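Asker: Just dropping this structure here.
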Amino acid sequence: MIAELARRMRDNIQKVIVGKQQAIDLCLTAVLCEGHILLEDVPGIGKTTLARALAASLGCTFQRIQFTPDLLPSDVLGVNWFNQKDQEFDFRPGPVMSQVVLADEINRATPRTQSALLEAMQERQVTIDGVTRPLPRPFMVLATQNPVELEGTFPLPEAQIDRFLLQVRIGYPTAAEEAEILLRFTGDEPLASLAPVTTPQEILDLQRRRERVRVEESLRAYVVAIGRATRAHPEIQLGASPRASLALYHAAQAWAAIQGREYVVPDDVKALAPHVLTHRLIIAPQAQLRGREPAELVADIVGEIPVPLER
């Protein structure tokens, strides 16, 4: 059932996005976990287009926030304003009160505005003037940022980075894919006519079904071992948190379900570890001077941890 939804979603999104099946499947993994996605890549790759195509395919309410240095927290969360006619304060909801929120160029906003999303991303609620309001479900944030342009940007704090389930990089297309892009976008914009292939209720049902994907005790221990190894590694200053281990566990369940299985295998954990852990690590200064990268260290750790074998 989940694999069938994944096929429908993949086919629909690929009406707009040429190729990039792995990036699409990673986004579907986040949907099944009701997790958030950090789309980080160079400009012009299709980060915003992928986010909009995913939102259109889900059939959920959607809002896009263009993050800029002058954006205020109230521009994200909403504001209480005085209605002179009724002589009462009315709440005007912000764009975060949607099921899918695209935070475009999130690292261009000030830390004060970035932190406005912390409660929403973790607890699925917002608190404004002492009043807590739940967010619609399912709820997910798709944030984009450019890793190569530093002028006028504010790096995301670790507390916020840790709330993103996955980091997804799209990468440049192949020559054949780039030629297909030229043909596909010659006429009408395909994104404008993209229809949803599922409903919010079906997504919630499949999220509960994902929770029932079987994970053997040895695989749970494997996930824990990988997370703990990042904290003990001499070249890593800040390793993966328990939230990261939980994210890897849930993502592996979703990845297995997308492949049509009702159980997790070690390859699911190994496939998801780079996308779940890399953005959460802080490399020690000495390792940075030697040119070591988080993705390289995650690959080393996954390669060193013994893989559980079938008894």
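Asker: Counting only DSSP beta bridges with both residues in the chain, tell me the antiparallel percent, nearest 5. Don't jump to the answer; show the numbers that get you there.
Answerer: Numbers: 12 of 29 bridges.
Just about 40 percent of them are antiparallel.
Asker: Got a sec? Which residues in segment 7-41 would a label at Glu178 touch, if it sits 7 Å along Cα→Cβ and we count backbone N under 19 Å?
Answerer: Within reach of a label on Glu178, which here means backbone N under 19 Å from a point 7 Å along Cα→Cβ, segment 7-41 contributes 17-21, 41.
Asker: Estimate the FRET efficiency between Thr132 and Met1 by the formula 1/(1 + (r/R0)^6), using the beta-carbon distance for r and 35 Å for R0, to the nearest 0.05.
Answerer: Numbers: r = 34 Å, r/R0 = 0.98.
Approximately 0.55, to the nearest 0.05.
Asker: Output the Kirkwood hydrodynamic radius of segment 19-109, Cα pairs only, in Å rounded to one decimal.
Answerer: That comes to 15.1 Å for segment 19-109.
Asker: Follow-up. Using only the Cα atoms of segment 98-194, what are the Rg and Dmax in Å?
Answerer: Rg, Dmax (Cα atoms, Å): 17.4, 54.
Asker: Something else: Just to compare against my own numbers: the Cα pair-distance distribution for the chain, 20 Å bins, whole % per bin, please.
Answerer: Once binned at 20 Å, the Cα pair distances of the chain give 31, 58, 11, 0.
Asker: Hey, another quick one. Expressed in nm to one decimal, what extension gain is obtained for the pair Ser241 and Glu158 from 0.36 nm per residue of sequence separation less their Cα-Cα distance?
Answerer: Answer, rounded to one decimal: 28.8 nm.
Asker: Using a simple spin-label model with points 7 Å from Cα along the Cα→Cβ vector, what separation in nm is obtained for Phe91 and Asp11?
Answerer: If labels sit at Phe91 and Asp11, their model points lie 4.1 nm apart.
Asker: Going by average Cβ density within 10 Å per residue, which order do the peptides 75-86, 275-286, 174-185 take, highest to lowest?
Answerer: Descending packing order for the listed peptides: 275-286, 75-86, 174-185.
Asker: Suppose R0 equals 41 Å. What FRET efficiency, 1/(1 + (r/R0)^6) with r the Cβ-Cβ distance, do Thr199 and Asp300 give to the nearest 0.05?
Answerer: 0.45
Every number here is computed from the coordinates shown, using simple stated rules; none is lab data. Here the structure is a predicted model, which is why all the values come from computation and not from measurement. Cβ: placed from backbone, ideal geometry, glycine included. Neighbour counts: every protein chain shown.
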